[in-house]
1. For the range 186-203, give me each residue that is more than 23 Å from the chain's Cα centre (by Cα) and among the small types (Gly, Ala, Ser).
2. Output the number of the condition that THR106 fails; it satisfies all remaining conditions of (1) within 17 Å of ILE28 (Cα to Cα); (2) among the polar types (S, T, N, Q); (3) surrounded by fewer than 19 Cβ atoms within 10 Å (Cβ to Cβ).
3. Would you mind telling me which numbered condition in (1) surrounded by fewer than 22 Cβ atoms within 10 Å (Cβ to Cβ); (2) modelled with pLDDT of 95 or more; (3) over 30 Å from ILE245 (Cα atoms); (4) not hydrophobic (A, V, I, L, M, F, W, C) THR100 fails?
4. Only one of ASP206, ASP218, ASP181, ASP133 is in contact with a Ser or Thr (Cβ under 9 Å, 6 or more places away or on another chain), in contact (Cβ under 8 Å) with a residue 40 or more places away in the chain, more than 25 Å from ASP18 (Cα to Cα) and of a type in the set (Asp, Glu); which?
5. Answer yes or no: is there a residue in the range 143-163 that is at pLDDT 95 or above, on the phi > 0 side of the Ramachandran plot and either under 15 Å from the mean Cα position of the chain (by Cα) or of a type outside the set (Asp, Glu) (or both).
6. Give me the residue from the range 276-299 that is more than 19 Å from the chain's Cα centre (by Cα) and either within 24 Å of TYR144 (Cβ to Cβ) or touching a residue at least 24 places away in the same chain (Cβ under 8 Å) (or both) and, out of that set, surrounded by the most Cβ atoms within 10 Å (Cβ to Cβ).
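The values are calculated or read from the model by the stated rules, or taken from the named source; none is laboratory data. Here the structure is a predicted model, which means the values were calculated and not measured. FYI the Cβ positions are ideal-geometry reconstructions off the backbone, even for glycines, and counts take in every protein chain you see.
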Amino acid sequence: MRILITGGAGFIGSHLCDKYTKKGHNVICFDNFLSGNLLNVRHLLDYRNFKLINGDIRNVQDLEKVAPNLDVIFHLAAQIHVDRSYVEPKLTYDINVMGTQNVLETARLYDINRVIYASSSEVYGSSQYVPIDEKHPLCAPHPYGASKIAADRMCYAYAQTYGMDIPILRFFNTFGPRQRDLGYGGVISIFTRRVLSNLPPIVFGDGKQARDYVYIEDAVNGYDKVLNHKGQIKEPLNFGTGKAISIINLASMIIELCGKKGQLEPVFVDPRIGEIKNLIADASKAMKVLGWAPKYVFKDGLAEFINWYKKYGMEPRITL
């Protein structure tokens, strides 16, 4: 199989590159290194069936160079950080909406019938009920979430209009090795960096806001289940554990696992504008359609991430 992975040098994309390169597929890792990291895929450069392309989904010509003879596109390239979207809303829109449009149109013109799209749980906004199923209204309160809604619905429209197979995957908070804090990062990597630097985690608001954390190996398994599913998946699918972890409890667990219990305590500051209170998944549809289920216990995955971060998490990012 010939596979293109946009955003392939990023956190999740690089794990997909790992899986399919080592399974013997021909993998093209496509990344502009705005946030991708060469360290994530450098170990794959010796594989003859792996190709690294410095390309940008905003540039149609870049996509056309890799489009011929593809069997499937995993489309993960995005500006993924909520905070950054406040500072750079146009960049967020250009990458997440127009870039996705370019990927879809290239796939259509080059007869690439399958595009597996990485949407986001952030499309739901603050939960009107929990757990959140796929019928929950899409009402994200920030530019990042709005851009993902637009791209999510564009994927749906292409599937409906052109008969393309475009599964839409709404993962809740994925975490694990290779997730770094690059100024705009996931809360787990930000807390871990601070605690390992003997600094307290900074908690916005009261810390009662909760998230549903999916370990990277469970996430990759979800993508693989979608790839190998026979028949089209015509409706979006949530992926999550259904278990709520509050930010204050997360901070306490990281302090404990980093060996700083009794030495550090979280510092509370004013709430962030537009922060979503609770994002907890109802993933029963993915379980029914795909037979997917999360296997990792959160604290075990967190311990694995912290062990990785101690070795590699503070290394400077390398780009092409």
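1. Answer for the range 186-203, where residues must be more than 23 Å from the chain's Cα centre (by Cα) and among the small types (Gly, Ala, Ser): just SER197.
2. So the condition that THR106 fails would be (3).
3. (1)
4. When all the criteria are applied, what remains is ASP133.
5. If we filter the range 143-163 for residues that are at pLDDT 95 or above, which is where we start, we get 143-163.
Keeping just the survivors that are on the phi > 0 side of the Ramachandran plot gives 163.
Keeping just the survivors that are either under 15 Å from the mean Cα position of the chain (by Cα) or of a type outside the set (Asp, Glu) (or both) gives 163.
Yes.
6. Per the stated criteria, the residue is LEU290.
Residues are listed down the side, and each one gets a yes or a no for (1) touching an Asp or Glu at 6+ places or on another chain (Cβ under 8 Å); (2) more than 19 Å from GLY313 (Cα to Cα); (3) touching a residue at least 24 places away in the same chain (Cβ under 8 Å):
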| residue | (1), (2), (3) |
| --- | --- |
| ASP18 | no, no, yes |
| ASN26 | no, yes, yes |
| GLY36 | no, no, yes |
| TYR47 | no, yes, yes |
| ILE53 | yes, yes, yes |
| GLU64 | no, yes, yes |
| PRO68 | no, yes, yes |
| VAL72 | no, yes, yes |
| VAL82 | yes, yes, yes |
